[in-house]
1. Looking at the stretch 161-185, which of its residues are aliphatic (A, V, I, L, M) and more than 17 Å from ARG57 (Cβ to Cβ)?
2. Can you list residue pairs whose Cβ atoms sit under 7 Å apart, with the first residue in the stretch 214-239 being more than 18 Å from ILE11 (Cβ to Cβ) and charged (D, E, K, R) and the second being open to solvent by 30 Å² or more (accessible area, probe 1.4 Å) and part of a helix (DSSP H, G or I)? Count only pairs 6 or more apart in sequence or on different chains.
3. Can you tell me which of ARG177, ARG170 is assigned to a helix (DSSP H, G or I), open to solvent by less than 70 Å² (accessible area, probe 1.4 Å) and not hydrophobic (A, V, I, L, M, F, W, C)?
4. Taking the criterion of being open to solvent by 80 Å² or more (accessible area, probe 1.4 Å) and more than 30 Å from SER195 (Cα to Cα), would at least one residue in the stretch 35-57 satisfy it?
5. Across the stretch 255-284, what is the number of residues that are more than 23 Å from LEU216 (Cα to Cα) and open to solvent by 60 Å² or more (accessible area, probe 1.4 Å)?
6. Of everything in the stretch 181-201, what is surrounded by 15 or more Cβ atoms within 10 Å (Cβ to Cβ) and closer than 9 Å to THR44 by Cα? Give them in sequence order.
Amino acid sequence: MKFLNQIQNSIYNRDFYKSLLAKPFWYSFKYYLKLSLLLSIVITIVFTIFAVPDLLRGLWKIDTEVLNIYPDDLVVTISEGRASINQTEPYVVPLPRHLIPKEIEEFDNYQNLLVIDTKVGASIEQSLESTSTMAFLSETQIAYKDIDGRIYTDSIAPFTNMTISEGELRNVIEHVRPWYKVLAPLSVVLVFGASFLSMILLLGLILIQNIFSWILLRLMGVKIGGHNVGFIKSFQVTLHAVTLSFVLISILVIFGAPTIGILLFALTLAILYFNLCPCLDTTVSK
């Protein structure tokens, strides 16, 4: 409850901000760490409730669809970095239209997911361009397009030896599926760690923000014992003034909405103004 009062006071409480000027820097730094911990926990809880179940369902759906997409009769053999198949070439794997959202119009330009032709004479880029396919496998190379149509090529490593078939894929998936149970708690830990680390890294941005906070405090004539507020003391009060901005950022992150940095920057300065400007003392007292 005491910490929640600190959060509320950090948004608006002129007496609280005046008392900060007499408190040591570590008082505010510990507050920022607690705020970072709280916001990270909230983000993690929301992620756990809404994202983890969808993530697990998506994984089960993906590995099932991989088996459905891969042709039962196709065996790709790579020996010493050279590919060959057990089917007549060119071999075409159609694009699974039922998996592609209708709103993604870029996929309308493609008919095939993969074309395999290890006997192709032209360059692999030309082969990819001449077919409405997303990927093309030749004897020693694979070329593919991203969603914007840019072409990328990779060579098969010279000493690669492997066999790809529906049965091999099934075996791999069966070995991987038990790890899905570990993925849920692991993703929760990773989200919490990433959220908390992001809050710590934001101290660098707060330090930059503090340059403007310090200028504002000097312009407002905020003093401690008759002296102007120093840069470190300005940084201390800024650690509290960013509270509302960081709460708003966390809400926007949760809902996947964009953040407007300049508005959050201005909000922090506004909080410093309304809480510390001596010009408001008479107005507040009235």
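1. The answer is MET162, ILE164, LEU169, VAL172.
2. none
3. Working: ARG170 fails: open to solvent by less than 70 Å² (accessible area, probe 1.4 Å).
ARG177 is the lone residue from the list that is assigned to a helix (DSSP H, G or I), open to solvent by less than 70 Å² (accessible area, probe 1.4 Å) and not hydrophobic (A, V, I, L, M, F, W, C).
4. no
5. Going through the stretch 255-284 one residue at a time, the tally reaches 4.
6. Once the filter is applied, which keeps residues that are surrounded by 15 or more Cβ atoms within 10 Å (Cβ to Cβ) and closer than 9 Å to THR44 by Cα, the stretch 181-201 yields VAL188, VAL191, PHE192, SER195.
The values are calculated or read from the model by the stated rules, or taken from the named source; none is laboratory data. Just so we're clear, the structure is a prediction, and the values are computed from it rather than from any experiment. Here the Cβ is made from the backbone with ideal geometry for all residues, glycine too, and neighbour counts use every protein chain on show. Ligands, DNA and RNA are stripped out before the accessible areas are found, and what is left, the full protein with its side chains, is counted by its heavy atoms. Shrake-Rupley method; radii C 1.70, N 1.55, O 1.52, S 1.80 Å.
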